[in-house]
Structure formats: structure tokens, C-alpha cells
């Protein structure tokens, strides 16, 4: 018997994708962190592994509601891009 595919909504495009294709960000103690294992019991959101969409999000004003510190934004963007590229 096949297991059902768990779908999650992308924060940027609002489209649904399999959870394995997504990156989860959670807010812990006021800082956003990557949740690679999807096991953190905190509130968060999912991003589809699309470099162009993620880069445009981090350059837009939409992300400023969540990440006001520019250095923290750049660091988080680099972590996400490293995951996408498999580094």
C-alpha cells in the first residue's frame, strides 16, 4: 500500500508541492531558522526549492515584515541557497 504524499503550500506562490520539495522556516526566540527535519514544533512556513523565487522574496518588501535585520536576511538566504545547491 502506498503512503499518501504530504502536500504543503508555498509561502511565495501559494501553490501546493510535496513536502520533500520544500524548505521550512520556523521562528524560534525571535529568529528565523531552517527546520531541515520538519520536526520543530514551532510556527513556520514553507518555501519551494526555486532559487529565483526565493531570491526575489528576499529582495522584496514582503520579507521585511518578518526579517528586519539585513544581515540576518542575507545569512538566511545563503543557508537556503546552500541547501538548494546541495552544499
Inset, instruction - Select, from 54, 63, the only residue that is buried (at least 16 other Cβ atoms within 10 Å of the Cβ), without any contact (Cβ under 8 Å) to a residue 12 or more places away in the chain and not in a strand (DSSP E or B). - result: 63
Inset, instruction - Tell me which residues, restricted to the stretch 53-74, are under 18 Å from residue 15 (Cβ atoms) and modelled with pLDDT under 85. - result: 62
Legend entry - Enumeration of residues in the stretch 66-87 that are within 15 Å of the chain's Cα centre (by Cα), in a helix (DSSP H, G or I) and more than 19 Å from residue 37 (Cβ to Cβ): 72, 73, 74, 75, 77, 78, 81, 85
Inset, instruction - For residues that are at pLDDT below 90, touching a strand residue (DSSP E or B) at 6+ places or on another chain (Cβ under 6 Å) and loosely packed, with under 15 Cβ neighbours inside 10 Å, tally how many sit in the stretch 1-42. - result: 1
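The values are calculated or read from the model by the stated rules, or taken from the named source; none is laboratory data. Quick caveat: nothing in here was measured; it's all calculated off a predicted structure. Reconstructed Cβ throughout: ideal geometry from the backbone, glycine too, with neighbour counts over all protein chains shown.
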